[in-house]
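Engineer: What follows is a single structure, and I will ask about it in a moment.
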Amino acid sequence: MNFVIITHVPHILEQNQYFAYAPYVREMNIWTKYVDKVIIVAPESKSKKTPIDIRYEHKKIEFVDVAGFNVLDLKSVFNTVFKTPGICWEIYLAMQKADHIHLRCPGNMGLLASLIQILFPNKIKTAKYAGNWDSKSKQPLSYKLQKWILSNTFLTRNMQVLVYGQWEESSKNIKPFFTATYYEVDRVPIVPKDLKHKIRFVFVGTLVSGKNPLYAIQMVEALHKNGFDVALALYGEGTERSKLEQYSNQNNLENIISLEGNQTQDTLKKAYEQSHFVILPSDSEGWPKAVAEGMFWGCVPVATKVSCVPFMLDYGNRGVLLEMDLDKDVNQLKAVLKNEIDYQIKSQKGSDWSRKYTLDVFEEEIKKLLTR
C-alpha cells in the first residue's frame, strides 16, 4: 500500500532520516506500521532538530518538499499566489500514486489537499482534523472552509474524517476519535500525592498568546499571595517567553515560576508524576494532549471550556473548568485546595478515564481504518 500524507508540519532531514514534531510523528509511526511505502508532502525546514522532534521509523519514505505559505500580510499573500499552483501540482501527483490518502487538518496544506482530494472520489481517504470541530466556536475562515468540504459527502467521498468529540448534526463520514501517548504497559501505579506540602502545577504547550501561559502564571501567583505553597513549571517555547520572564522578574516570582523550555517525553512524564495539577487556559484546542497526559499520571486538569475539554473533564467532575475570570478561577482552585477529599476524587476519576485511551487501543482503531 502506498500511503500518502499531506501536512503543513515542517520536516527536518538529518543523516538521511526525517524528523518532525514528536506527538505528530509518534502517531504517524503507528499509521505507517501497516503500509508498504510512505509519501510525505510537506515543507522541509532547515532548522536543527530539537528535543521535541523525533524520526519516522518507516524504511521506505519518499519526501516531496513543498514551500510553506501563509496569508498573514500583503507580501505573504502575493507569495502564496505564486507558490500555490506548484504546491497543488505536487499534491495532485502524490495523490495519483496513493492507495490511501491521509490529510492532516486544519492548516494551509490541509485546505489545498481537501480541495484536490475531490478529484479522487474512488480512492480510500482519511483526514485527521486535529483542531476544534465545534461549529459554534470562533475560527478562521480557512478552517471553516476545510470543515465544510470534509463534511460534505457529495464533494468528499470514500473518506472518514476523524474529529475530537461527538458533535450534533455531523455527516455520516465524521468519526469521533481520540489520541494517546502511553501504552498499556505504562499504566503503573500512580505515586500518591497530597496537598500537605508544596503544590505543583505544570503547563505543557507552546508559549504563545493563544495558550495563555501568562494567565497560568497569574493564577498561581494569586494562590501564592493567598498563602498557598505553590509552584508552576512551564514546558515549551514560543514568542511569549520573554514576556513571561519579564513578568516573573518584575513580580519577584522566580522562586515559584520556572520556564523549562522544550523537553523530551520522559522529562514531561516525570513532571506530570510530580505535579498535582496540569493547567491549560487555551483559547482553542482539539484534543489537548497535555491535559490527557497529566490526567494519566493523576494530575487534576485545569482547563478552558473549548472543543471536547468539558467532555474530558466530565463537566467539572474530573477537573476544574476555567471561566477565564481571574478572581472566579482562583476561587475555584482555592476550593479544591481546601478540600483534600475533592482533590483526590477528581484525581482518581481523571486517571481512570485517561488510562482507557492508550496507544494499544489507538493502534487497533488505526488498523481498522487502514483495512476497511
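The values are calculated or read from the model by the stated rules, or taken from the named source; none is laboratory data. Just so it is clear, the model here is predicted, and its values are computed rather than measured. All Cβ positions, glycine included, derive from the backbone under ideal geometry; neighbour counts span all protein chains shown. Heavy atoms of the whole protein, side chains included, go into the accessibility calculation; ligands, DNA and RNA do not. Shrake-Rupley method; radii C 1.70, N 1.55, O 1.52, S 1.80 Å.
Engineer: Report the label-to-label distance for K83 and I118 in nanometres (one decimal), using points 7 Å from each Cα along the Cα→Cβ vector.
Structural biologist: Computed distance between label sites K83 and I118 equals 2.3 nm.
Engineer: Apply the Karplus parameterisation 6.51 cos²θ - 1.76 cosθ + 1.60, with θ equal to phi minus 60°, to every residue of region 178-192 and state each ³J(HN,Hα) to the nearest whole Hz, in sequence, with x for glycine and proline.
Structural biologist: Each residue of region 178-192 in turn: 8, 9, 8, 10, 10, 8, 4, 5, 7, 7, 7, x, 7, 5, x Hz.
Engineer: Report, largest value first, the span of the C-alpha coordinates of the chain along each principal axis, in whole Å.
Structural biologist: 63, 43, 43
Engineer: Kindly give Rg over Rh for region 31-121, based on alpha-carbon atoms, with the Kirkwood expression for the hydrodynamic radius. Don't skip to the answer; put the middle values down first.
Structural biologist: Numbers: Rg = 14.5 Å, Rh = 14.7 Å.
A ratio of 0.98.
Engineer: Something else now. For the ranges 260-267, 281-288, what's the packing order if you count other beta-carbon atoms within 10 Å of each residue, average per peptide, and put the highest first?
Structural biologist: 281-288, 260-267
Engineer: Same structure, new question: From largest accessible area down, sort E14, E293; use a 1.4 Å probe on the protein chains. Kindly include the intermediate steps, with their values, before the conclusion.
Structural biologist: Numbers: E14 50, E293 25 Å².
If we order E14, E293 from most to least accessible, we get E14, E293.
Engineer: While we're here: Please list the non-local residues whose amide H lies under 5 Å from the amide H of G261, H modeled 1.01 Å from N, same-chain partners needing a gap of 5 or more.
Structural biologist: G236
Engineer: Binning at 5 angstrom from zero up to the longest distance, how are the C-alpha pair distances of region 149-270 distributed in percent?
Structural biologist: 2, 9, 15, 13, 13, 12, 11, 11, 7, 5, 3, 1
Engineer: Now for a different question. Would you kindly state the longest site-free stretch of the chain, with sites defined as chymotrypsin sites (Phe, Trp or Tyr not before Pro) in a DSSP loop (not H, G, I, E, B) surrounded by at most 14 other Cβ atoms within 10 Å?
Structural biologist: On the way: sites that count: F154, Y183.
It runs 184-372.
Engineer: Using θ = phi - 60° and the Karplus form 6.51 cos²θ - 1.76 cosθ + 1.60, what ³J(HN,Hα) does each residue of region 307-317 get, whole Hz, x for Gly and Pro?
Structural biologist: Rounded to whole hertz, the list is 6, 9, 4, x, 5, 4, 8, 6, 6, x, 6.
Engineer: Between the helical axis of 213-225 and the dominant principal axis of the chain, each derived from Cα atoms, what acute angle in degrees is found, rounded to the nearest 10?
Structural biologist: That works out to roughly 10 degrees.
Engineer: How do V306, V208 stack up against each other in accessible area, from largest to smallest, with a 1.4 angstrom probe? Intermediate results must be reported in sequence, preceding the final value.
Structural biologist: Details: V306 25, V208 45 Å².
Highest to lowest solvent-accessible surface, that is V208, V306.
Engineer: In addition: Scan around V64 for amide H atoms under 5 Å from its own, H built in the peptide plane at 1.01 Å from N, and keep only partners 5 or more places away or cross-chain.
Structural biologist: I40, V41, A42
Engineer: Next up: Any chance you could list P(r) for region 256-366, counting all Cα-Cα pairs in 5 angstrom bins from zero, rounded to whole %?
Structural biologist: The percentages, shortest bin first, are 2, 12, 21, 24, 21, 14, 4, 2, 1.
Engineer: Dipole of region 1-143 (Lys/Arg Cβ +1, Asp/Glu Cβ -1, origin at the Cα centre): which of L119, A42, M28 lies farthest to the positive side?
Structural biologist: M28
Engineer: Share of antiparallel DSSP beta bridges in the chain, in percent to the nearest 5?
Structural biologist: Details: 6 of 55 bridges.
Around 10 percent antiparallel, to the nearest 5.
Engineer: Pop a pseudo-label 7 angstrom from the Cα along the beta-carbon direction at both N16 and E57 and give the gap in nm to one decimal.
Structural biologist: 2.1 nm
Engineer: Which whole-Hz ³J(HN,Hα) couplings does region 276-292 yield from phi under the Karplus relation 6.51 cos²θ - 1.76 cosθ + 1.60, θ = phi - 60°, glycine and proline marked x?
Structural biologist: Taking θ as phi minus 60°, the curve returns 8, 9, 10, 10, 8, x, 7, 6, 8, 8, x, 10, x, 4, 4, 5, 5 Hz for region 276-292.
Engineer: Also, quick follow-up: Report, by chain and number, residues whose modeled amide H sits under 5 Å from the one on T181, excluding near sequence neighbours (fewer than 5 apart, same chain).
Structural biologist: L359
Engineer: How much FRET efficiency would the formula 1/(1 + (r/R0)^6) give for K328 and K367, where r is the Cβ-Cβ distance and R0 is 51 Å, rounded to 0.05?
Structural biologist: Details: r = 45 Å, r/R0 = 0.88.
Step by step, r from the Cβ atoms, then E = 0.70.
Engineer: With a 1.4 Å probe and all protein chains left in place, how much accessible area per residue does region 115-205 have, in Å²? Mind showing how you got there, number by number?
Structural biologist: On the way: 5090 Å² over 91 residues.
In whole numbers, region 115-205 has 56 Å² accessible per residue.
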